[in-house]
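Q: Below: one structure in structure tokens.
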Amino acid sequence: MTDPEQRLPCGTDQSALLEHIADDTPLPEHSATCPYCQAALAELRTSWATVRTATTVPTPPPAGLVSRVMSRVAAERGAGAGSMRRSDQRGTLRIDARAVVTLARVAALTVPGVQVRAGIFDDARLTLELALHRGAAFSEIEPMTRARVIAELSRSIGLPPPPVDIRIVDVW
Ligand SMILES: [Zn+2]
């Protein structure tokens, strides 16, 4: 069984992508052009490079290394100790940081030229770190991304959305 958290919105299994990076084999045709795959690849390459410099990796990688990297990526993706909650006399709804960040990430990826490098939800603020295509107009992308993220969080969670801070950390 495949862990659903490792599936991208396009259906690609992220651990399969990581194996292409680890083994340095060519990517499937889909992943070469798909924005979801490209965003995941950027993130996985960063994590993989960190792992590779921290350890001497023989070939093939030791058993369990791929899953260790995957869980690290998942932890970074859901970074932050925040949660959103709504309580009434019937009970409490709590939405953890990881869920908030995943919703925000998927909404941000609908903006052309945007890749999401990291998302942090903490202290009731959401921070997205983006890499933008070098042809993009940053001044247009930033409000568009924020608006889409806020709309998606309002729609899906049904609570007032948090402030959304956007950091542009890279250009591709
Ligand atoms: Zn894809």
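Q: Please compute the net charge surrounding residue 82, taking Lys and Arg as +1 and Asp and Glu as -1 over other residues with Cβ under 11 Å from its Cβ. If you can, show how the numbers build up before the last one.
A: Details: positive: 85, 94, 98, 125; negative: 96, 122, 123.
Around residue 82, the surrounding residues sum to +1.
Q: List the residues, sorted by chain then number, that are 5 or more residues from residue 7 or on another chain and whose placed amide H is less than 5 Å from its amide H.
A: Long-range HN contacts for residue 7: 14.
Q: A further question on this structure: If amide H atoms are built 1.01 Å from N in the plane of the peptide, which residues on other chains or at least 5 residues away come under 5 Å of the amide H of residue 83?
A: The answer is 124.
Q: What whole-number value in cubic angstrom gives the convex hull volume per residue for the C-alpha atoms of segment 83-171?
A: 76
Q: Now a separate question. List, in order, the whole-Hz ³J(HN,Hα) value for each residue of segment 93-106 obtained from phi through the Karplus relation with A = 6.51, B = -1.76, C = 1.60 and θ = phi - 60°; use x for Gly and Pro.
A: After applying 6.51 cos²θ - 1.76 cosθ + 1.60, I find 9, 10, 10, 6, 3, 4, 5, 4, 5, 5, 4, 5, 4, 5 Hz.
Q: Using the eigenvalues of the Cα gyration tensor, what equivalent ellipsoid semi-axes result for segment 119-172 when each is taken as the square root of five times the eigenvalue, whole Å, largest first?
A: Taking √(5λ) for each Cα gyration eigenvalue gives 22, 13, 8 Å.
Q: How much length is gained if the chain between residue 93 and residue 13 is pulled fully straight, taking 0.36 nm per residue apart and subtracting their Cα-Cα distance, in nm to one decimal?
A: Details: separation 80, 0.36 × 80 = 28.80 nm, distance 2.98 nm.
Result: 25.8 nm gained on full extension.
Q: Please report, for the Cα atoms of segment 101-142, the Rg to one decimal and the Dmax as a whole number; what are they, in angstrom?
A: For segment 101-142, the Cα-based Rg and Dmax read 10.6, 33 Å.
Q: Hey, another quick one. Collect residues whose amide H, placed 1.01 Å from N in the peptide plane, falls under 5 Å from the amide H of residue 118; neighbours closer than 5 in sequence don't count.
A: 129
Q: Apply the Karplus parameterisation 6.51 cos²θ - 1.76 cosθ + 1.60, with θ equal to phi minus 60°, to every residue of segment 116-124 and state each ³J(HN,Hα) to the nearest whole Hz, in sequence, with x for glycine and proline.
A: Rounded to whole hertz, the list is 9, 8, 6, x, 10, 10, 7, 6, 6.
Values in this text are rule-based calculations from the coordinates and carry no lab data. Note that the structure is predicted; figures quoted are calculated from it, not measured. All Cβ positions, even for glycine, are placed from backbone atoms using ideal geometry, and neighbour counts span all protein chains on display.
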